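What follows draws every value from the coordinates through simple rules; no lab data is involved. Note that this is a predicted model, so its numbers are computed, not measured. Positions of Cβ are backbone-derived with ideal geometry, glycine not excepted, and every protein chain shown enters the neighbour counts.
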C-alpha cells in the first residue's frame, strides 16, 4: 500500500508541475496538485485497498475450502481435515485461527464465515453439516461448490489482467495528451504569452486536468467492482 501511496503522490506532483508549466500560476497549480492528492488518497486508494482485501480474502477462501474438502475425503474427520487445512494457510490466518482454540470444530468453521464472508463459504458450511448428519462422498457432494469457486477464481484472474491493461492504456493515453499540451505551450509561445493570464484559458486547462482525474476515479471504480458468480448473499468483507 505504501507503493500505491508513493505512486499517487508522484502522479499528483507531475500533474501539478504540468499545470504550472502550462499556466504559470502557482495558486492554480498548487490547487490542482492538492485536488489530485486528496482525491487519489481519499477516494481511489480506499477502493483499491478494499478490492485487494476482498480479492485476497477470496483466494484464501478458495484455498481453505478446496484443501478442507480434499483432506476430509481422505481423513474422514472434521478435526483432522481442519488441522491439515489450517497448517496450509498463511501465517496471518494461522494467528487468527489460534485464538479460536476454546471453540469446537463446528464453532470454528461457523466463526470463519465472518472472516471470509462469501456466499461460497456459506454453501460450504451447509455441505459439511449435511455430510456430518448423513455421510456420503464429500467430493461428489461438493461438485457444484468446487465448480463455482473455480469459476470465481478464473473471473478474478481475468478481471485483474483486464484492469492492468486498461490502467496502462489510459495512462499512456493521458500521458500523450499532457505531453502534447506541454509541446504546444512551447511551440506556440507567442500565442501562449497572449492568453496565459486570461481566465478562460486558465479554466480550460484546469478542466482538462480535472477531467483526467475524473477518468482515473471512474476507471478504478469500475475496475474494483467485483461480481462473483453465485454471490447473491455476498457479505461485506470486514
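Things to note:
- In plain terms, if you count all Cα to Cα distances in the range 106-227 and split them into 5 Å steps from zero, the share in each step is 2, 8, 12, 12, 10, 8, 8, 7, 6, 6, 5, 5, 4, 3, 2, 1, 1, 0 percent.
- 120, 52 arranged by Cβ crowding within 10 Å, fewest neighbours leading: 52, 120
- As a rough guide to protection, the peptides 41-47, 177-183 ranked by mean Cβ packing within 10 Å, highest first, stand as 41-47, 177-183.
- Span from the the range 47-119 Cα centroid across to the the range 128-197 one, whole angstrom: 27
- Computed from the Kirkwood radius of its Cα pairs, the Stokes-Einstein diffusion coefficient for the range 78-142 at 10 °C and 1.306 mPa s stands at 125 µm²/s.
- Axis of helix 105-116 versus longest Cα principal axis of the chain: the two differ by about 10°, to the nearest ten degrees.
- For peptides 103-109, 12-18, 192-198, sequence by mean Cβ density within 10 Å, most packed first: 12-18, 103-109, 192-198
- Degrees separating the helix 78-87 axis from the principal Cα axis of the chain, which is the longest one: 30
- Cα-projected label distance for residue 196 with residue 75, points at 7 Å along beta-carbon direction, nm: 7.3
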